[in-house]
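Please read the structure below before turning to the comments.
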Amino acid sequence: MKDKVNLKRAYAVAYKEVRHIWRDPFTLALALGLPLLMVMFFGLAMDFNVHDIHLTAYDSDHSRASRQLLETFESSGYFKLRQAPLAADVTEPLQANQAKAVLVIPPNFGRYIISRQDSPVQVLIDGTDNSTAGVIGGYMSGMQTAANLRLADTSVNPLVTLKSRYLFNPELNSRWFTVPGLSAVVLAIISILLTSLTVAREWEHGSMELLLSTPVHPLEIILGKLAPYVGLGLFAQGLIYCLARFYFGIPFEGSHILFLVGTFLFISSYMALGLLVSVATRQQILAMQFAMMIGMLPNMLLSGFIFPIENMPVFFQYLTAIFPARWFMLVIRGVFLKGTDLFQLVTPLLAMLFMSVFFVTLAVRRFKRDVEP
Amino acid sequence: MKLNPTILGFFKKELVQTLRDKRMRIMLFVMPVIQMTIFGVAISTETRNIKLAAVYQPNDYLMERITQRCYSSQWYVPAKNLTGNDPFKWIQSGQADAVLIAPEKGLTHDAGNAHSTGSTGSGQGGASLQLLIDSSNITKGQAIENYTQAILSQVLGETYHLKNQDPPVRFTVRYLYNPEMKTSVFMVPSVLCMILLMVTFILSSSSIAREKEAGTMETLLSSPATITEIMLGKSLPFVALGMADFPLVIAVAVFGFGVPMRGSVLLLLFCAFIFMCNTVALGVLFSTFVKNLQQSAMGGFLFIFPAIQLSGVLYPVENMPWLLKYCAYLDPIMYFVNLMRNIMLKGGDFQVVAFNAGALVVMGAFAITIAAKRFHQTLN
């Protein structure tokens, strides 16, 4: 075994890998086009400001007040109202997935309002759907205030007004929130998938023995296999950047160099992880299953992309630290929206650097053990 | 009826090939359970642990009360290790999620003034309290405002003994099927669908892709086995594997997490069977388009990622632009999530089950027909 790592040999391996990618336009197109397409599509699709909520209303009062209440709901823009004659079972629309919420106005509602008596209006929310239940519940307090204002003219003038200023996304634009995070998630999956098969494929085809009989050092093989894909990933990120800035109009407050360094470390860490999977499994199908398992769901659910990490139980907050995407999420949201500087991002950058080195080392060591029985 | 020996042979071969590797067995039977456990416990849509900082003079007791009330609620934690004294920087660096900033003369002073003169509302002598919120996560940002507003009204009411004006219109809100809003009840059925899709779709599509890559597909096609036999032999084993996985994961969901099982277990199993047939059919169809495993992996992503995104689990389908809403109708996960939620949590409604299961059947039949056509074409 040669003790010195020769960059020339690593370059040769990289060159061979580039030829591989080049020969397979399908994969190349997917690697570049897919992230762009996904970010574009789902940037458009994700909207957390829920509207058009199907609401079934049972009005057993039919008074002026109850009609006004229904109008309040209708004019809010959040609800699609459907009135139904009172049935024995008011949960029926929820049961049959026809509505997300049900509003039950009690008889004599109007009379109670005039005499200022308590007249509870029942709201039933479909508690099976996590993406909307909480939001609908949140809207209800606002609707209650609006209804009181309209029906009973109780303009609540508080002593102290809370003046909220939303920093970094003043209009609460869903796109600003999702697109940078989405690019992180998509890149992570693409990265891990791209590299997870490369070494396993050589083993399955038997060309690995050939490669190993040459003087190439394992580290050279690993680096050579990584380099072209990292380049590909960086290029894809460049495309996504253009899409985010010029199509979605997302501001970029931070430093481009920081963005580049962060992306580089992030992509490297996932590609190195993919490579590690490939070295460890040596079987393409197994590698693929594995890559999908650790690449797909943890990335989307544990990275803080949609569900904030602070909401999780303490143990899981620490667990998320092993996913590079969790760190990159801080970097990418930071440089896009907040204009965070290097000093504030030291921890995430170091974490990703550490993981890249760690995965590469582990891959090389696994590799060595395989080679020298 | 006698079992077709060719298909039986395929069946055995695929099962042996898939299951002979210990790591694959772990991947198929242990990983889904682990993943479901993690996601079921970890993910919560309720905003908690908001890092709150407050800027006020030491003698401003009203501010003190408000902040203390915030910290003693379950939602806030004090922001620690603040550097410098620029609230904007605290939020920018993530040291705080929100900062309360008292007015110049102190909130106690301003609010006291407003109370004694009887003036309310900002601009009319009322006091105003500034709240800076990190809205880089918009749902969290909105939650912070709502919580803070609620605590503010509560503290003011107590401090100035404002008479408790109950508004005449009062909503009593109840969450049906999941009254405590338990995350596991939300997440487990939906995460389960995603995991099952990944297992069945990837296994079936990569099994054919591997034969193509290794060049053994030609051998298979030139053998006396008919196309139907090859296709069934390549898909049934994975349906079987999926069906072996399903009860395992469901058992963990029900007994481990206490996810209710209000509907019929048999109906659920039947629906799961339809779902697996559907995803395996899609996997087979998909594999007719690829040449090797690398393409199959990238293309698998092309299908699975959108399928998860459009399923309505992460964010509501109702809001999507119309084009994507129609795309969601092609998403098997969406139908199966509907089925799972309806049967497990709501007890099963005939129309819902019939519609969603029917859609899966139609889609699966369509996929397998086209796949068969494409197989014939490659043959000629």
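The Cα atoms of chain A cover 93, 44, 39 Å along the three principal axes, with the biggest extent listed first.
Show which aspartates and glutamates lie in cross-link reach of B:Lys89 when reach means a straight Cα distance below 12 angstrom and same-chain residues fewer than eight apart are skipped. Answer for B:Lys89, where 12 Å is the Cα cut-off: A:Asp341, B:Asp97, B:Asp134, listed by chain and number. Considering only the range B:50-159, what is the antiparallel percent among its DSSP beta bridges, to the nearest 5? If I count the DSSP bridges inside the range B:50-159, around 35 percent turn out antiparallel.
Using the structure shown, select from B:Lys13/B:Lys291; A:Lys163/B:Lys51; A:Lys8/A:Lys368; A:Lys8/B:Lys291 the pairs with a Cα to Cα distance greater than 24 angstrom.
The pairs that break the limit, which is 24 Å between Cα atoms, are A:Lys8/B:Lys291.
Looking at the range A:162-221, which GluC sites (Glu not before Pro) are in a loop (DSSP not H, G, I, E or B) and have at most 11 other Cβ atoms within 10 Å?
When the GluC sites (Glu not before Pro) of the range A:162-221 are filtered for loop state and at most 11 Cβ neighbours within 10 Å, A:Glu171 remain.
Quick one: net charge around B:Ile343, please, counting Lys, Arg +1 and Asp, Glu -1 for every other residue with C-beta under 10 Å from its C-beta. Net of charged neighbours comes to +2. Helix B:183-214 axis versus longest C-alpha principal axis of chain B: approximately 30°, rounded to the nearest ten. Overall dimensions of the range B:204-343, expressed as equivalent-ellipsoid semi-axes from the Cα gyration tensor (√(5λ), whole Å, largest first), are 31, 21, 12. When DSSP beta bridges are restricted to pairs lying wholly in chain A, around 25% turn out antiparallel.
Tally the DSSP beta bridges in chain B and give the antiparallel ones as a percent, rounded to 5.
Working: 4 of 11 bridges.
Antiparallel bridges make up about 35 percent of those DSSP assigns within chain B.
Evaluate the Kirkwood expression for the hydrodynamic radius of the range A:50-149, namely the inverse of the mean inverse distance over all pairs of different C-alpha atoms, and round to one decimal in Å.
Values: mean 1/r = 0.0728 Å⁻¹.
It is 13.7 Å.
Within chain A, which whole H helices from DSSP have a Cα span along their axis of at least 18 Å and a mean Kyte-Doolittle hydropathy of 0.0 or more, if any? Don't skip to the answer; put the middle values down first.
On the way: long enough: A:7-23 (24 Å, -0.55); A:25-45 (28 Å, 2.08); A:130-152 (33 Å, 0.28); A:174-196 (33 Å, 1.55); A:218-242 (37 Å, 1.24); A:256-281 (37 Å, 1.89); A:346-371 (37 Å, 1.16).
Helices passing the filter in chain A: A:25-45, A:130-152, A:174-196, A:218-242, A:256-281, A:346-371.
Dividing the mean sequence gap of close Cα pairs (under 8 Å, 6+ apart) by how many residues the range B:1-128 holds gives a relative contact order of 21 percent.
Here the simple spin-label model places points 7 Å from the Cα toward Cβ, and for B:Val362 and A:Trp22 these points are separated by 4.9 nm. Partner lysines whose Cα lies under 24 Å from the Cα of A:Lys80, excluding those fewer than 8 positions away in the same chain, are identified as A:Lys100, B:Lys325, B:Lys346. Relative contact order, whole percent, for chain B stands at 18, derived from Cα pairs under 8 Å and 6 or more residues apart. Take the alpha carbon atoms of the range B:344-376, find their center, do the same for the range B:253-269, and report the distance between the two centers in whole angstrom. Cα centroid of the range B:344-376 versus Cα centroid of the range B:253-269: 21 Å apart. Neighbours of B:Ala54 by Cβ distance under 10 Å: Lys/Arg scored +1, Asp/Glu scored -1, total -2. As a length-normalised measure over Cα pairs under 8 Å and 6 or more apart, the relative contact order of the range A:254-343 settles at 47 percent.
In a GNM of chain B with a 10 Å cut-off on Cα contacts, which of B:Gly215, B:Gly312, B:Gly347 has the highest mean-square fluctuation? Its mean-square fluctuation being the largest, the pick is B:Gly215. Roughly how tilted is helix B:138-159, in degrees to the nearest 10 and between 0 and 90, from the longest Cα axis of chain B? So the helix axis and the longest Cα principal axis differ by about 30 degrees.
Counting pairs of Cα atoms in the range B:50-159, how many percent are more than 20 Å apart? Please list the in-between numbers first.
Numbers: 2402 of 5995 pairs.
Within the range B:50-159, distances greater than 20 Å cover 40 percent of Cα pairs.
Under 19 Å from a label point 7 Å along Cα→Cβ of B:Ser72: give me every residue in the range B:91-111 with its amide N that close. So the set is B:108. Taking all Cα-Cα distances within chain B, those exceeding 28 Å account for 60%. Placing a pseudo-label 7 Å from each Cα along the Cα-to-Cβ vector at B:Val265 and B:His161 gives an inter-label distance of 6.2 nm.
Return the single residue from B:Ser205, B:Ser287, B:Ser128 with maximal mean-square fluctuation; model: Gaussian network over chain B, springs between Cα atoms under 10 Å. Its mean-square fluctuation being the largest, the pick is B:Ser128.
On average, how much area does the Cα convex hull of the range A:97-166 cover when viewed from any direction, in nm²? Walk me through the intermediate numbers first.
Values: hull surface 28.0 nm².
Computing the convex hull of the Cα atoms and averaging its projections yields 7.0 nm².
Restricted to Cα atoms, the protein assembly as shown shows a radius of gyration and a Dmax of 28.8, 97 angstrom. Rounded to the nearest 10 degrees, the inclination of helix B:107-117 to the longest alpha-carbon principal axis of chain B is 60 degrees.
Each value in this text was obtained by applying a stated rule to the coordinates, not by laboratory testing. Being a predicted model, the structure only gives us computed values, none of them experimental. Cβ: placed from backbone, ideal geometry, glycine included. Neighbour counts: every protein chain shown.
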